[in-house]
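Read the figures in this text as sums done on the coordinates, not as results from a lab. This is a predicted model, so every value here is computed, not measured. Cβ placement follows ideal geometry from the backbone for every residue including glycine, while neighbour counts extend to all protein chains displayed.
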Amino acid sequence: MSDVRPEDFFGRDDLTKKVDTEVKKVADTFMFAMKYQEQFQASGIEFSDLRQYQTSDDASRIDWKNSAATEELYVKEYEEEKDLDVFIILDASDSMIFGTADKLKSEYAAIVAAALAYASIDMGINVGFGIYGDDELVMLPDGGQAQYQKILTEVTRFDNYGGEFNLEDALDSVVGQIKENTSIFLISDFLGVEGSWKSKMLVASKKFRHVLNIMVRDLRDYKLPEAGNFRFEDISGDGQVVVNTSKVRDEFEEKARKEEERTINKIEAAGASVIRVDSRDNFSGKFAQYIDEEGGDW
């Protein structure tokens, strides 16, 4: 666990209340002009039965094959598939407790997670939540404002943060506990994640309706200051080093770019989707853009 103090985590006195206020501001735009509802509503309807045609019925629903064998017209009846659930996986590892913008990555990710939960529950979708660091906490999907308040409490509980994020174990846990007709949102910086997770991501992609990975990055994850000596400290507090960033900047940025590209390719090769966001970005706008561009493939 790092030496970050609880009061530094969100930089606010009343964490839950302040995050709740920001979540609801974000969630107002999270409906994405109803795009969210269109993409994440129940996935369709399935055939249920035949019944006799009534004059109020749409003629396009007449089952001509079965009607031809009788003197009556029949229409097909359908029933909606089982309602969709949402499950949110949140990386709470040490590398997330870092930030050089207005928000730490962990704070940004917590607001995204809570906003997804709030918007989903507001539309009648049951939401589950898992937060993974050294400890693991899993809440199975449920609905109502009580579920949102539980999620809000956990994303603002400082004790839930710190340690390593074993993505393989997290995906294994979710695959074993969560039903098929679920949209998975996985929020992580994907820095130093543990486990051989690609095969588990592939299993999750095959089982669940959607698996969307939200890669949260801080500017300093991929870009160093332009010049001068800077002191860097390991997030665990185990060591410090002074670096002349002018000498290593280009090499660092090229390695960061390649590693990020490898991770994205790995996610997509496993059949999952990914949005890459900077902690300075407006996430609801990024997500709306993603739905516009990629939503038809979901």
- prompt: What's the center-to-center distance, using Cα atoms, between the stretch 73-140 and the stretch 249-298 in Å?
  reply: 18
- prompt: Which percent, nearest 5, of DSSP beta bridges in the stretch 82-136 are antiparallel?
  reply: 10
task: List 64, 197 from most exposed to least, where exposure is judged by having the fewest other Cβ atoms within 10 Å.
output: 64, 197
Neighbour-count ranking [beta-carbon atoms within 10 angstrom, fewest first] of 193, 155, 23, 241: 241, 193, 23, 155
query: Here are some pairs, 25/258; 105/258; 25/207; 150/223; which of them have Cα atoms lying more than 26 Å apart in this structure?
result: 25/258; 25/207; 150/223
